[in-house]
Amino acid sequence: MSPRRCALTCLLAVLGCDGDGAARFEMGVAGLSLADVNELQLSVVTDRKTVDCAAVTEGCVKDQFPASRFVELTGPGGAAQKAVRFSPDGGVAVSMSPGRDFAFVIEALGAGSPPQLLGSSCTYVEAVSAGSNRVSANPIFLKSDAGALSSCDPRQ
Amino acid sequence: MLTLVLLGAQGASAAQVSPRVPELDRAQQQVDAGDFEDAVVTLNRGLTQPDLTDDQLVELYRLLGLSHLYLGHEDGAREAFEVSCRRAPTTRCRARRRPKVRALYGRIKEDIKKRRVRQVTLTFEPLGAVKPATPLVVEARIEELALGAKAKLFFRRSGAQAYSSADFTRSKTAQQTFTATVPAYEVPDAGRELEYYVEVADAAQRRLAGKGDAYNPLVARVAAREADAAGAGAREPERAWYQIPWVWVGVGVGVAAIATTAAVLATQKQGATVQVDVMVKLQ
């Protein structure tokens, strides 16, 4: 690299670290931030012994299990469905049948159309009893230095 | 004469003593004294008294006829004697000792025999058992009811002081059949008695015919209510509670309700609510 070319590169780097130029820079390297998460989606899969959480979080869960393995959930909207989407700002309360051996899978959806899977978490839940239950799910880790986890559409 | 009157009054009130009629005694004295004008006044006043017995009426009319006769009022005498004869038993409408009276009585008897003077006749079947709380219809057959005359049914609850009355009205179908109705609320309670009598009187309220009178009323007993009679006669023997079908129907319904509720609760899926908390982190 000639001395002039090296000086230009250093100038661009300095400019990219200030104000709006920094954002454009990060986008340019395809990293993720929390603001990229548009919605979260909760799915509950039965028979946790057959669920490999490490493998499940590599792709969209709906593509890995037949529909019969997903528990019917009733979310804040009141409709029963296989998955409940909610805002990333907080948790969600769902109604379901009591039972044992579940895997709670929560997926982060991007804002695109169709949305992409940005990240997911998988949590084993031994039992859900009648009445009130509380599940603290494993966190979803987004890769700040990489793009979407998968191009699949997580919506069920 | 006075003795006859008193004897007649006693005979008419075997069950109950009729009150004396002072006008009758007074008129008898006036007739005996030859004071016929005053006797007519006294007798007419006596005929307006209420509740006169048949015997008293007969004697009042007889004296009235006698007074008219001696005053020269043959028409008045005849009318009075006619009433007296119609009301009195045949044996008492006999010829008197006075030739003038005897001749007049003879003519009256002849007219009655030839039916020139028509006698009111009342045919009436005494009431049997009366239904309680039901209007009581009394039927009578009255023949030769003179113009202006009326038939009345007098009645009262046994023990009451005064009588009520109901007019007999002519039946639309039978000319000589009359009916009177005692309202249901006047009929005594079951087991009590109703006292009554029937009287046919002319326009001057002079009794022409009758059955019973205020002092010798007829009596009808009010029958027991049908429901009471049926209840008394056909009351079922008391049964134990477990012999009553409705008890077991109720028990069955209760058991079915409990079983249904238990089944619903057992099969009902109780819901679970799960609050899920999650964090999104940058790696």
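The values are calculated or read from the model by the stated rules, or taken from the named source; none is laboratory data. Small disclaimer: the values here were computed from a predicted structure and weren't measured. FYI the Cβ positions are ideal-geometry reconstructions off the backbone, even for glycines, and counts take in every protein chain you see.
Kindly indicate which of A:101, A:153 is closer than 18 Å to residue A:83 by Cα and assigned by TED's automatic domain parsing to the domain that holds residue A:71.
None of the other options fit; the residue is A:101.
Return yes when residue A:49 is buried (at least 19 other Cβ atoms within 10 Å of the Cβ), part of a helix (DSSP H, G or I) and away from chain B (no Cβ under 14 Å) and no when it is not.
Criteria not met by residue A:49.
Table: residues versus (1) surrounded by fewer than 19 Cβ atoms within 10 Å (Cβ to Cβ); (2) more than 18 Å from residue A:37 (Cβ to Cβ); (3) at pLDDT 90 or above.
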residue: A:63; (1), (2), (3): yes, yes, yes
residue: A:69; (1), (2), (3): yes, yes, yes
residue: A:77; (1), (2), (3): yes, yes, no
residue: A:83; (1), (2), (3): no, no, yes
residue: A:86; (1), (2), (3): no, no, yes
residue: A:89; (1), (2), (3): yes, no, no
residue: A:94; (1), (2), (3): no, yes, yes
residue: A:97; (1), (2), (3): yes, yes, yes
residue: A:114; (1), (2), (3): yes, no, no
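Search region A:87-111 for residues that are on the phi > 0 side of the Ramachandran plot and pair each with any residue that is of a type in the set (Lys, Arg) when their beta-carbon atoms are under 6 Å apart and the residues are at least 6 apart or on different chains.
A:101/A:48
Hey, among B:209, B:203, which residue is in a loop (DSSP other than H, G, I, E, B) and under 27 Å from residue B:62 (Cα atoms)?
B:203
Filter the helices (runs of 4 or more DSSP H) completely within region B:1-97 down to those with at least 3 residues that are at pLDDT 80 or above, under 21 Å from residue B:199 (Cα atoms) and touching an Asp or Glu at 6+ places or on another chain (Cβ under 8 Å).
The qualifying helices (runs of 4 or more DSSP H) are B:36-47.
May I ask you to list the residues in region B:210-239 that are of a type in the set (A, V, I, L, M, F, W, C) and modelled with pLDDT of 75 or more?
Result: B:214, B:218, B:219, B:220, B:222, B:223, B:224.
Could you list, in sequence order, all residues of region B:238-271 that are surrounded by 10 or more Cβ atoms within 10 Å (Cβ to Cβ) and in contact with a helix residue (DSSP H, G or I) (Cβ under 7 Å, 6 or more places away or on another chain)?
Across region B:238-271, the qualifying residue is only B:247.
Kindly indicate the residue of region B:108-129 that is assigned to a helix (DSSP H, G or I) and surrounded by 11 or more Cβ atoms within 10 Å (Cβ to Cβ) and also modelled with the lowest pLDDT among those meeting that condition. Outline the logic, then answer.
Pass one, region B:108-129, residues assigned to a helix (DSSP H, G or I): B:108-113.
From what's left, surrounded by 11 or more Cβ atoms within 10 Å (Cβ to Cβ): B:108-112.
On the way: B:108: 69, B:109: 66, B:110: 70, B:111: 65, B:112: 59.
Restricting to residues being assigned to a helix (DSSP H, G or I) and surrounded by 11 or more Cβ atoms within 10 Å (Cβ to Cβ), the top hit is B:112.
For region A:126-153, enumerate the residues that are within 8 Å of chain B (Cβ to nearest Cβ), of a type outside the set (S, T, N, Q) and in a strand (DSSP E or B).
A:128, A:131, A:134, A:135, A:140, A:141, A:142
Can you tell me which residues in region A:85-114 are aliphatic (A, V, I, L, M) and either touching a Cys at 6+ places or on another chain (Cβ under 9 Å) or at the interface with chain B (Cβ under 7 Å from one of its Cβ atoms) (or both)?
A:92, A:93, A:94, A:96, A:103, A:105, A:106, A:108 - these are the residues of region A:85-114 that are aliphatic (A, V, I, L, M) and either touching a Cys at 6+ places or on another chain (Cβ under 9 Å) or at the interface with chain B (Cβ under 7 Å from one of its Cβ atoms) (or both).
Just to verify a result, which residue in region B:163-191, among those that are among the β-branched types (Val, Ile, Thr) and assigned to a strand (DSSP E or B), is surrounded by the most Cβ atoms within 10 Å (Cβ to Cβ)?
B:182
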